[in-house]
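The values are calculated or read from the model by the stated rules, or taken from the named source; none is laboratory data. These numbers were taken from a predicted model, which means no experiment stands behind them. No Cβ is skipped: glycine too gets one built from the backbone with ideal geometry, and neighbour counts run over all protein chains shown. Note: accessible area is taken over every heavy atom of the protein model, side chains too, but ligands, DNA and RNA are not part of it. Shrake-Rupley method; radii C 1.70, N 1.55, O 1.52, S 1.80 Å.
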Amino acid sequence: EAGVTQFPSHSVIEKGQTVTLRCDPISGHDNLYWYRRVMGKEIKFLLHFVKESKQDESGMPNNRFLAERTGGTYSTLKVQPAELEDSGVYFCASSPLQLTSGRPGEQYFGPGTRLTVT
Amino acid sequence: GQSLEQPSEVTAVEGAIVQINCTYQTSGFYGLSWYQQHDGGAPTFLSYNALDGLEETGRFSSFLSRSDSYGYLLLQELQMKDSASYFCAVRSNYGGATNKLIFGTGTLLAVQP
């Protein structure tokens, strides 16, 4: 079974530019989450999709961040325009719906996208 | 607010036992998870406690006391490959969602020969 994949693995952009991160969850996982880890700090929740619907976007920092999940499969996270404080590692995670399978506290994480804004 | 406290670093020797504590203050608590992360890679799930008590999975065990808002991860028979960062994370529905994870700042475990 393929795991969660993320693209790109690294991205270096200048302040003011736009970057789009992509996440492909494990096939059949309806829950998809985005998290971010800024250097030395905790991994912080950004938002949660159930299929194509945004269930919770309370962690999104501001309106420069836009997440989509077309058709309930892969998801994209766009940062426009990027600022210096957006630098960090962006993780995507997925999990099955509770009713079908999976352990409640388990999410499957991708390897992350390391974003550097200069 | 939501916060989880863990020690920042722990050092132990091969073969020893180490305990990583986690205290939390969160809303909408469903359970406490533990994740391992090697060299900034993908966090991987270790264990989950929804009820008070001890859960054992091989060399790793996790404990939860909901009345004390406290849990710990116990690693036995430490191996060099256990050197990694360990995160406690509360599964929360704070804000209306379910299954959101609120992470602690992580504990860097260094296993020495």
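Miscellaneous remarks
- For the range A:6-27 versus the range A:69-118, the gap between their alpha-carbon centres in whole angstrom: 10
- Positive-end ranking of A:CYS23, A:SER53, A:VAL12 along the dipole of the range A:11-62, with charges on Cβ about the Cα centre, is headed by A:VAL12.
- Neighbourhood net charge (14 Å Cβ-Cβ; Lys/Arg +1, Asp/Glu -1) for A:THR113: +3
- Estimated vicinal HN-Hα couplings, Hz - the range B:12-23 in sequence order (Karplus 6.51, -1.76, 1.60; Gly, Pro = x): 8, 9, 3, x, 7, 10, 9, 10, 10, 8, 8, 10
- Fraction of antiparallel bridges per DSSP, the protein assembly as shown only, in percent to nearest 5: 90
- Solvent exposure of the protein assembly as shown amounts to 47 Å² per residue of accessible area, where only protein heavy atoms count and the probe is 1.4 Å.
- Accessible area buried by the pairing of A and B, both sides summed with a 1.4 Å probe, works out to roughly 1800 Å².
- Accessible surface of the range A:1-101, 1.4 Å probe, proportion on carbon and sulfur as whole %: 50
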